[in-house]
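The values are calculated or read from the model by the stated rules, or taken from the named source; none is laboratory data. These numbers were taken from a predicted model, which means no experiment stands behind them. Neighbour counts are summed over all protein chains in view; Cβ atoms, including those assigned to glycine, are modelled from backbone coordinates with ideal geometry.
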Amino acid sequence: MNAKTPYDILGDNGVKELASAFYDVMDELPEAASIRRMHVQDLADIKQKLYEYLSGWMGGPHLYHEKYNTICMTKPHSHYQIGERERDQWLMCMNRALDRIDASDELKAMLKEPVFNVAEAIRNTP
């Protein structure tokens, strides 16, 4: 039997909830203000994009790739200064979002390294 993917564990609605919770946390936390300023006021579109990206990244339908013909995350972020501080704020928001949706310890452990690797890949300043 194949190992479960994060998408299998969360399901489509769970991935949507995670994407929404991520931006809700970013919007609410003063500690995330510098990365929040990188986004427009209305977060609805970016919540949808994150859901589409996470869907494929977590082992589900490749919605982002089908829509945008890419899965590259570095180019959309290249015009922002993203250093360790911003990376760590992003990771904090993702960790809090996982808590908010009551993700299992198994899922959190499964995602810890891959999520860090994505955040680190987007970093473009020391």
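Helices (runs of 4 or more DSSP H) fully within the stretch 29-101 that include at least 3 residues being under 15 Å from the mean Cα position of the chain (by Cα): 44-57, 74-77, 84-100. The residues listed here are Ala121, Ala109; of these, the one that is in a helix (DSSP H, G or I), modelled with pLDDT under 95 and of a type outside the set (Ser, Thr, Tyr) is Ala121. Within the stretch 33-78, work out how many residues are of a type in the set (Lys, Arg), surrounded by fewer than 13 Cβ atoms within 10 Å (Cβ to Cβ) and touching a residue at least 12 places away in the same chain (Cβ under 8 Å). Here the count works out to 1. Restricting attention to the stretch 81-102, and to residues there that are buried (at least 16 other Cβ atoms within 10 Å of the Cβ) and closer than 11 Å to Thr125 by Cβ, which single residue is modelled with the lowest pLDDT? This residue is Ile82. Evaluating Leu29 against the criteria (1) within 18 Å of Leu111 (Cα to Cα); (2) in contact (Cβ under 8 Å) with a residue 40 or more places away in the chain; (3) of a type outside the set (Ser, Thr, Tyr); (4) surrounded by fewer than 18 Cβ atoms within 10 Å (Cβ to Cβ) leaves one unmet condition, (1). Looking at the stretch 13-27, is at least one residue modelled with pLDDT of 95 or more, more than 17 Å from Ile122 (Cα to Cα), within 14 Å of the chain's Cα centre (by Cα) and outside any helix (DSSP H, G or I)? No, the stretch 13-27 has no match at all.
On the basis of being of a type in the set (D, E, K, R), out of contact with any strand residue (DSSP E or B) (no Cβ under 8 Å at 6 or more places or on another chain) and either within 23 Å of Ala103 (Cα to Cα) or surrounded by 13 or more Cβ atoms within 10 Å (Cβ to Cβ) (or both), does Glu17 make the cut? So Glu17 passes the test.
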